[in-house]
1. Just a yes or no: is a residue in the range 34-54 modelled with pLDDT under 95 and either under 16 Å from ALA149 (Cα atoms) or among the β-branched types (Val, Ile, Thr) (or both)?
2. Could you check the range 228-280 and list, in sequence order, the residues that are over 19 Å from GLY153 (Cα atoms) and assigned to a helix (DSSP H, G or I)?
3. Any residue in the range 91-112 that is within 25 Å of SER234 (Cβ to Cβ), aliphatic (A, V, I, L, M), surrounded by 24 or more Cβ atoms within 10 Å (Cβ to Cβ) and at pLDDT below 90?
4. Just the residues that are under 16 Å from the mean Cα position of the chain (by Cα) and open to solvent by 20 Å² or more (accessible area, probe 1.4 Å), please, taken from the range 263-278.
5. So the check is Cβ under 8 Å with 6+ separation or different chains; which pairs have a first residue in the range 255-279 that's of a type in the set (Phe, Trp, Tyr) and at pLDDT below 80 and a second one that's open to solvent by 10 Å² or more (accessible area, probe 1.4 Å) and outside any loop (DSSP other than H, G, I, E, B)?
6. Taking ALA154, is it modelled with pLDDT under 95, within 20 Å of ASP169 (Cα to Cα) and of a type outside the set (Lys, Arg)?
7. (1) open to solvent by 10 Å² or more (accessible area, probe 1.4 Å); (2) at pLDDT 80 or above; (3) under 14 Å from LEU257 (Cβ atoms): which one isn't true of GLY206, the others all being true?
8. Go through (1) at pLDDT 80 or above; (2) outside any helix (DSSP H, G or I) for VAL167 and report which single condition fails.
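The values are calculated or read from the model by the stated rules, or taken from the named source; none is laboratory data. Note that the structure is a prediction, hence the values are computed from the model and not measured. Cβ coordinates were reconstructed from backbone atoms using ideal geometry, including for glycine residues, and neighbour counts include every protein chain displayed. Quick note on the areas: whole protein, heavy atoms, side chains included, nothing else; ligands and nucleic acids left out. Shrake-Rupley method; radii C 1.70, N 1.55, O 1.52, S 1.80 Å.
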Amino acid sequence: MTGAGSGTGRHGTGGRHGTGDGTGAAADAHAGTHPGSRPATSAPPESEPGAAPPPPHPVRVLVAEDQLSVRAGLVLILRGAHGIEVAGEAGDGEEAVRLARELRPDIVLMDVQMPRLDGVSATARITGEQLADVLVLTTFDLDEYVFGALRAGASGFLLKDSEASQVVDAVRTVAHGDGIIAPAVTRRLIAEFARTGGTGRTPLPGSAPGAHPGLHELTPREQDVLRCLGQGLSNAESALRLGLAEATVKTHVSRLLGKLGLRSRTQAAVLAQESGLTGG
């Protein structure tokens, strides 16, 4: 699979459970449940209007979060959603990498601040080995952890106070092959990321304005798709704009990521901004 995402399931079995303190939808979902128990049958979280539909095959998710109650809440939310399976749970970054190698989930839901190995470093290892797509969780909408996670190849990020339906929709969106960034800050984040180069950190490979040699290797259609990514469009929206099938757009995304040496479509969006392809 590429950093752009995959909806195909992998094989493996689940992990452990636990409790503790936490906040947000995950903690709300966990309240009143017995530690480590499966939730009682209930209605799954309703999706946001226009959200990605449930995938045709179950999406296997590894939940990596050191706060026990938050992790248990996330597991509760995901297990109550149609078409999503919890492949396992990790309480630190080292365990997240190990379980990603062992279980080969489709997506790792990763907290950026964890013991032993932080979420950014764990994300870099997981995406570098093409083990899974990574969707990161953060407390703040714009900070160095978010920048670091995107540079490490994460497919996007969510705020920890996101509603249960937003968590489910984000997992489905990434599984569908699209990137996801908390809606309230999508364009602001990409613009700030491109302007500052990620708070002064090392830029994306060759991402100084006009400097990436791989841009010259892109076909005109791949450049069109890259421009759409830079404007924050999904695969479906890009297909509609360009008059292509969505599957064709996915193919172009995979090819341009390979040519540019990038790990995720979100990195490609930043490169498009930095290279002036979006006209902004």
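1. Yes, the conditions are met somewhere in the range 34-54.
2. As a first pass, look at the range 228-280 and keep what is over 19 Å from GLY153 (Cα atoms): 236-249, 276-280.
Matches in the range 228-280: ALA236, GLU237, SER238, ALA239, LEU240, ARG241, LEU242, GLU246, ALA247, THR248, VAL249.
3. Yes, that holds for at least one residue.
4. To start, the set of residues in the range 263-278 that are under 16 Å from the mean Cα position of the chain (by Cα) comprises 263-270.
Matches in the range 263-278: ARG263 only.
5. That search, which allows pairs on different chains as well, returns nothing.
6. So ALA154 passes the test.
7. Checking GLY206 against (1) open to solvent by 10 Å² or more (accessible area, probe 1.4 Å); (2) at pLDDT 80 or above; (3) under 14 Å from LEU257 (Cβ atoms), the one that fails is (2).
8. Condition not satisfied by VAL167: (2).
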